[in-house]
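For reference, the structure is listed below as structure tokens.
We did not get these values from a lab; they are worked out from the coordinates using the rules stated. Owing to the predicted nature of the structure, the values given are computational and were not obtained by experimental measurement. No Cβ is skipped: glycine too gets one built from the backbone with ideal geometry, and neighbour counts run over all protein chains shown.
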């Protein structure tokens, strides 16, 4: 893939992500990419795999559904307006069409009687069930056992601003794509004088896989670097922001990691006096699960005071 094309499409995506709650002009998105209006839509569709409009609608709906679940103090109308929909009626129709369930059914999955197959299944091949959005249900029904002594393993840690070199997974949370991104980034760091046993590796997971198709979830591999290290495409220099983080140590089977992550939200956070900040959840890897057969890591959630 042409690096310049990808960089210009990435700029367009960043513009969309920063303006999901506002009215987005397709001409403005094309302008940010520096492609002509006429060709931009074809280039975007070819490289991203969906039209500009489909991408915007999908991302607004994904953000909205997460708010329906995790911000129960907000009304459906408030969530609709906050995510760029002109009315509650338009929002409800869009949610039903995409997910196969209404906003009220998503908030109250026990009351669901019938549902249609939504666009998320027919277009993206992803099965969607509102009950899977709820941490308690995932913990109890899917995992079939509760993580024990989670609160004992959580500490609140102050983190200084960290400069990192990053590389995004090209196919979201698909394991092969994640491993490919890490292999390339680890080789890059080694070639830039950072021995493998000294590399501090962080992963940023931006999306909720119960809502977003796996291949479209955004996952970024990161390794801490010094200020003087030069970074060139396809790698990017970025920062992990200074602040207060909840840190949960995890050591176990990779398939149990989701349970540990959910326990932070369902068990620890409600009693902590904090709420999550807008920065995405991070994982700091302490070993190579492919070599060791188990996963050792720290899970970070940036905090702000309630």
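Mean residue ellipticity at 222 nm, helices only, the chain: -10500 deg cm²/dmol; runs of at least 4 DSSP H residues each add -39,500 (n - 2.57), and the sum is divided by the number of residues. For the chain, the direction-averaged projected area of the alpha-carbon convex hull comes to 17.0 nm². Between residue 162 and residue 5, the FRET efficiency estimated from the beta carbon spacing at R0 = 25 angstrom works out to 0.25. Model label points for residue 294 and residue 251, set 7 angstrom from Cα along the Cα-to-Cβ axis, are 0.7 nm apart. Relative to its residue count, the stretch 152-305 spans a Cα convex hull of 115 Å³ per residue. Extending 7 Å from Cα along the Cβ direction at residue 127 and again at residue 232 yields two label points whose distance is 4.7 nm. Between the beta carbons of residue 170 and residue 90, assuming R0 = 41 Å, the FRET efficiency works out to 0.75 to the nearest 0.05. A simple spin-label model places the labels of residue 286 and residue 45 4.9 nm from each other, with each point 7 Å out along Cα-to-Cβ. When each of the peptides 258-266, 32-40, 278-286 is scored by the mean number of other C-beta atoms lying within 10 Å of its residues, the order from highest to lowest reads 258-266, 278-286, 32-40.
Please work out the FRET efficiency for the pair residue 77 and residue 200, using the Cβ-Cβ distance as r and a Förster radius of 51 Å; give the result to the nearest 0.05. So, using R0 = 51 Å, E works out to roughly 0.70.
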